[in-house]
Amino acid sequence: MSQFSDLQGNEDPGPVYVREKGQLFVAGSHCARVKTPPVRLFSKGFSVELCVSEGDTCKPKEKPFIFTYTEQGSLRYSAKSLFTLALDFIADNIHHVDSLLGFPEQVAEKLFTAAEAREQFCHPKSGLVALRKFTEAYGELVLSSLCLRDKYLLVSEKLEEIRSFHGLHSLDLSYCKLGDKHELLGHLSSDALDSLRALYLKDNCLSDVGIRKLTAPVRVLQRGLGKLNLLDVSCNPEITEKGVTFLLVFRQLRFLDISDTGVQDLIATCEKVQTRTGLLHSKKPLAQFGHVDCRTEGWAEQLIAQWNQLVLSAIKSKKILQSRRAAQQFYGKKLNQEDLETPPLPKTPAATTKPLQFCRPEVVTSPAPSAHHSGRKPVKRPREKKPLEDMASSQRARQTRVALTADDWDLLNSY
């Protein structure tokens with residue numbers, strides 16, 4: 001016992017550390033506490049402030065931050081994804097892209113939307129170049145159906161942009177007053193629009209010359225609008241029987257409208273159309289020519305509406321108003337607000353003649369009636385008159401076959 005106490009008294013265990021309230025200090029010496037670094041990442045007076053340099057020309061919505069509000073109403077921001085930043089950068093410089101061939105369609109659609117939001121396609125110099133990169137790579141995805149009905153101003157202002165669309169299936173140019181020498185009429189018969197299935201050319205001041213020009217590639221080279229299923233050339237009084245003959249080259253037509261044209265002999269024209277194409281004259285108006293389902297569809301649907309708004313706003317610009325005001329003041333006419341607006345082109349009055357619309361009859365294939373399911377009795381063939389000798393011989397043969405004895409019947413029944 002004494003030996004253990006001596007050993008315990010001689011050995012020095014060293015300093016003893018004690019943790020209290022998150023701090024270390026030596027037991028018995030409160031003044032010699034061990035100083036530990038603070039756990040806080042920033043000091044209490046630290047604050048964050050977003051500063052914009054003078055050379056930063058980005059718009060607030062194009063900053064690499066997304067600002068939202070929490071449930072408590074405080075402002076919260078988060079960084080944009082790398083994909084969004086790269087997409088925005090390419091959209092800002094879309095005119096520098098060489099080609100989009102082979103680029104994924106899902107990403108290309110988002111890129112088109114981003115470039116459209118930045119009005120890249122409305123730029124006078126680089127807008128057409130950027131649009132062609134999309135139309136060459138994706139064709140009908142950019143625009144599959146285009147309705148320019150009564151938008152003659154848009155056709156004249158954005159002619160090159162309209163000609164850049166490839167792969168259209170439906171095109172409505174009604175009431176655009178193109179005429180026989182318009183550039184767009186020659187573009188319709190090019191290889192860029194060989195995919196057209198429906199074409200509306202109602203009230204466009206066309207004559208036999210324009211119809212001959214429209215059908216020349218099909219008649220001569222077997223190219224162009226050979227896949228048309230629907231064609232509307234109504235309300236063109238200069239189209240005669242000769243122009244209708246040119247239209248008969250479209251062998252795949254299912255619907256044709258030549259109402260209110262210069263056709264005089266209606267009966268002969270109907271017979272010619274039926275003989276050459278198989279189309280029948282419809283006694284009632286067809287719903288396909290009501291222009292109900294004709295609309296603009298594709299990625300560029302909003303772009304067409306944006307172009308139309310720009311054209312309308314350009315018409316009402318100050319220069320046009322000033323020129324009109326000067327002309328009206330020169331002629332001594334009082335200026336009204338109605339005079340400042342652009343009057344629309346007069347449309348052709350409603351037709352009073354009988355509509356000339358043709359459609360292809362639907363072929364209904366019904367299965368051949370079977371003998372088991374048919375409720376009709378089979379038709380008996382008329383008996384041929386036989387000579388008397390043949391009849392007598394057949395009666396004798398029948399009698400010989402019937403005249404069997406009882407033993408013969410027993411023998412037959414035994415088998």
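Would you be able to tell me the number of residues in region 230-262 that are among the β-branched types (Val, Ile, Thr) and modelled with pLDDT under 90?
Just the residues of region 230-262 that are among the β-branched types (Val, Ile, Thr), to begin with: 233, 239-240, 244-245, 249, 258, 261.
With the extra rule that they be modelled with pLDDT under 90, the set shrinks to none.
Selection size over region 230-262: 0.
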Which residues, taken from region 111-126, are farther than 10 Å from Asp88 by Cα and open to solvent by 40 Å² or more (accessible area, probe 1.4 Å)? Thr113, Ala117, Glu119, His123, Pro124, Lys125
Can you tell me which residues in region 102-121 are more than 16 Å from Gly139 (Cα to Cα) and small (Gly, Ala, Ser)? Ala114, Ala115, Ala117
Restricting attention to region 158-207, which residues are in contact (Cβ under 8 Å) with a residue 60 or more places away in the chain and either surrounded by fewer than 19 Cβ atoms within 10 Å (Cβ to Cβ) or over 15 Å from His291 (Cβ atoms) (or both)? Lys158, Glu161, Phe165, Lys177
Which of the residues belonging to region 240-269 are more than 29 Å from Ser195 (Cβ to Cβ), free of Cβ contacts under 8 Å to residues at least 40 places away in the same chain and assigned to a helix (DSSP H, G or I)? Glu241, Ile267, Ala268
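Just the residues that are within 12 Å of Arg163 (Cβ to Cβ) and among the small types (Gly, Ala, Ser), please, taken from region 184-207.
So in region 184-207, the residues within 12 Å of Arg163 (Cβ to Cβ) come out as 184-188, 190, 192-193.
Within region 184-207, Gly186, Ser190, Ala192 qualify.
Please go through region 127-151 and give me each residue that is more than 16 Å from Glu109 (Cβ to Cβ), open to solvent by less than 10 Å² (accessible area, probe 1.4 Å) and outside any loop (DSSP other than H, G, I, E, B), ordered by number. Even if it seems obvious, please write down each step before you answer.
Within region 127-151, the subset more than 16 Å from Glu109 (Cβ to Cβ) is 127-129, 132, 145-151.
Then keep just the ones that are open to solvent by less than 10 Å² (accessible area, probe 1.4 Å); that gives 127, 146, 148.
Those that are more than 16 Å from Glu109 (Cβ to Cβ), open to solvent by less than 10 Å² (accessible area, probe 1.4 Å) and outside any loop (DSSP other than H, G, I, E, B): Gly127, Leu146.
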Condition first: farther than 22 Å from Val273 by Cα, under 26 Å from the mean Cα position of the chain (by Cα) and part of a loop (DSSP other than H, G, I, E, B). Now tell me which residues in region 190-218 satisfy that. Ser190, Asp194, Ser195, Asn204
Look through region 85-110, keep the residues that are acidic (Asp, Glu) and either assigned to a loop (DSSP other than H, G, I, E, B) or in contact (Cβ under 8 Å) with a residue 60 or more places away in the chain (or both), and return whichever of them is surrounded by the most Cβ atoms within 10 Å (Cβ to Cβ). Glu109
Which numbered condition in (1) more than 19 Å from Ile304 (Cβ to Cβ); (2) in a strand (DSSP E or B) is the only one that Leu171 fails? (1)
Pick from region 219-233, criterion among the aliphatic types (A, V, I, L, M) and open to solvent by 10 Å² or more (accessible area, probe 1.4 Å), ranking: nearest to the chain's Cα centre (by Cα): Leu230
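Could you pull out the residue among Gln274, Gln288 that is modelled with pLDDT of 65 or more, open to solvent by 70 Å² or more (accessible area, probe 1.4 Å) and in contact with a His (Cβ under 9 Å, 6 or more places away or on another chain)?
Numbers: Gln288 fails: in contact with a His (Cβ under 9 Å, 6 or more places away or on another chain).
It is Gln274.
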Restricting the search to region 209-229, which residues are modelled with pLDDT under 85 and more than 14 Å from Arg251 (Cα to Cα)? Leu221
Condition met for Asn236 (surrounded by fewer than 20 Cβ atoms within 10 Å (Cβ to Cβ) and within 17 Å of Leu256 (Cα to Cα)): no
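The values are calculated or read from the model by the stated rules, or taken from the named source; none is laboratory data. None of these values were measured; they are calculated from a predicted model. Glycine also receives a Cβ, built like all others from the backbone with ideal geometry; neighbour counts cover every protein chain displayed. Side chains included, ligands, DNA and RNA excluded: accessible areas come from the protein's heavy atoms. Shrake-Rupley method; radii C 1.70, N 1.55, O 1.52, S 1.80 Å.
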